[in-house]
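Please read through the structure below; I'll follow up with questions.
Where a number appears in this text, it was derived from the coordinates with a stated rule and is not lab data. Quick caveat: nothing in here was measured; it's all calculated off a predicted structure. Cβ atoms come from the backbone with ideal geometry, glycine included; neighbour counts cover every protein chain shown.
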Ligand code: PBG
Ligand code: ZN
């Protein structure tokens, strides 16, 4: 007798009933790039629809987003003084600190604030840590990153998200946060972050490209899948609350594999290059943007992520795609 899986696809009612993957608005985190100044809304060329915002404009935009249900944001600071030792990254007067304070003052616990922890936008050389010669020195980088996390926690960040890929930074950060009374500040680790050409547009947005060399001595080699589990398991043991895979689309196998190897929530970062490729093709009329975006979002969840960081969030919420 012929097997007929098509029975369960007969009409939309039965398809809805048997759908294995459900997307929820609660899964989305929207990234923002914050700059100094006033009245600044500056479009980022390589990322259509995404802007640099000064704090005053950020507050207004977040308010609009909150009305639609965008209540989790990820903040990146741009345009700070760049130094060899990244000291502006942990200043209590940084633009990210000012943004956290202004947002918390206005929205309190209605808004969940996550901050990116990395120094590449704060160093003259554009690397994600402190250089000793040409090498990004691990342990001194962890010290600086931990101080940056503490400064954000003190300003009121709910969660910090280290994206540097130094060894031991979760433990370093957790220890410093706890010692200062911030035991409830959560850590979402960019656990499995590959050295990827998909970050191209972001580096324009954050002005964070390395001046010399690349990030391959700290970010992962895209040929490696097994090694990624080591990164995830270590971060879990060091005290991460959420593990992230980045980029997302070309790394679905890694999301799936991580799902089998941890009990923690898994986030994926649908990065700038993935976003801009969709935007560019849609602008050409070559693809249906809504359909492509929603297909991608479901694929992340099917692979095993329940948290999605994506620049598409605003379109999804504003245009009622979900
Ligand atoms: C900084 C950082 C990067 C991204 C997030 N945090 C860039 C990089 O590591 O080069 C990428 C985000 C994106 O492409 O959307 N370490
Ligand atoms: Zn970095």
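Filter the range 110-119 down to the residues that are buried (at least 24 other Cβ atoms within 10 Å of the Cβ) and assigned to a loop (DSSP other than H, G, I, E, B), then identify the one that is nearest to ligand 1 (Cβ to nearest atom).
Top of the filtered list is 118.
Same structure again: Kindly indicate the residue of the range 191-249 that is in a loop (DSSP other than H, G, I, E, B) and free of Cβ contacts under 8 Å to residues at least 40 places away in the same chain and also farthest from ligand 1 (Cβ to nearest atom) among those meeting that condition.
Here the residue is 225.
So, of the residues in the range 250-266 that are under 18 Å from the mean Cα position of the chain (by Cα) and in a helix (DSSP H, G or I), which turns out to be nearest to residue 47 (Cα to Cα)?
Checked the range 250-266; the qualifying residue nearest to residue 47 (Cα to Cα) is 250.
Mind listing whichever residues of the range 170-190 are under 25 Å from residue 271 (Cα atoms) and without any contact (Cβ under 8 Å) to a residue 60 or more places away in the chain?
Across the range 170-190, the qualifying residues are 173, 185, 186, 187, 189.
Which fully enclosed strands (runs of 3 or more DSSP E) of the range 121-163 have 3 or more residues being more than 19 Å from residue 81 (Cα to Cα)?
135-137, 159-162
Can you tell me which of 269, 275 is touching a strand residue (DSSP E or B) at 6+ places or on another chain (Cβ under 8 Å), part of a helix (DSSP H, G or I), buried (at least 20 other Cβ atoms within 10 Å of the Cβ) and touching a residue at least 40 places away in the same chain (Cβ under 8 Å)?
275 is the lone residue from the list that is touching a strand residue (DSSP E or B) at 6+ places or on another chain (Cβ under 8 Å), part of a helix (DSSP H, G or I), buried (at least 20 other Cβ atoms within 10 Å of the Cβ) and touching a residue at least 40 places away in the same chain (Cβ under 8 Å).
Still on this structure, please answer the following. Could you identify the single residue in 57, 20, 80, 84 that is crowded, with 16+ Cβ neighbours inside 10 Å, touching a residue at least 24 places away in the same chain (Cβ under 8 Å) and either touching a helix residue (DSSP H, G or I) at 6+ places or on another chain (Cβ under 9 Å) or over 29 Å from residue 302 (Cβ atoms) (or both)?
80
Being within 15 Å of ligand 2 (Cβ to nearest atom), over 25 Å from residue 31 (Cα atoms) and surrounded by fewer than 19 Cβ atoms within 10 Å (Cβ to Cβ) is true for just one of 225, 181, 200, 213. Which residue is that?
Testing whether each residue is within 15 Å of ligand 2 (Cβ to nearest atom), over 25 Å from residue 31 (Cα atoms) and surrounded by fewer than 19 Cβ atoms within 10 Å (Cβ to Cβ) leaves just 213.
Now for a different question. Filter the range 138-169 down to residues that are more than 16 Å from ligand 2 (Cβ to nearest atom), within 20 Å of the chain's Cα centre (by Cα) and either free of Cβ contacts under 8 Å to residues at least 60 places away in the same chain or within 24 Å of residue 98 (Cα to Cα) (or both), then give me how many there are.
Of the residues in the range 138-169, 8 are more than 16 Å from ligand 2 (Cβ to nearest atom), within 20 Å of the chain's Cα centre (by Cα) and either free of Cβ contacts under 8 Å to residues at least 60 places away in the same chain or within 24 Å of residue 98 (Cα to Cα) (or both).
Can you pull out the residues in the range 23-50 that are part of a loop (DSSP other than H, G, I, E, B) and either within 29 Å of residue 302 (Cα to Cα) or under 18 Å from the mean Cα position of the chain (by Cα) (or both)?
Residues satisfying the conditions are 23, 24, 44, 46, 47, 48, 49, 50.
Here's a follow-up. Report whether or not residue 90 is within 21 Å of the chain's Cα centre (by Cα), surrounded by 15 or more Cβ atoms within 10 Å (Cβ to Cβ) and closer than 15 Å to residue 207 by Cα.
no
Within the range 280-319, how many residues turn out to be more than 16 Å from ligand 2 (Cβ to nearest atom) and either crowded, with 20+ Cβ neighbours inside 10 Å or under 20 Å from residue 244 (Cβ atoms) (or both)?
Residues meeting the conditions: 19.
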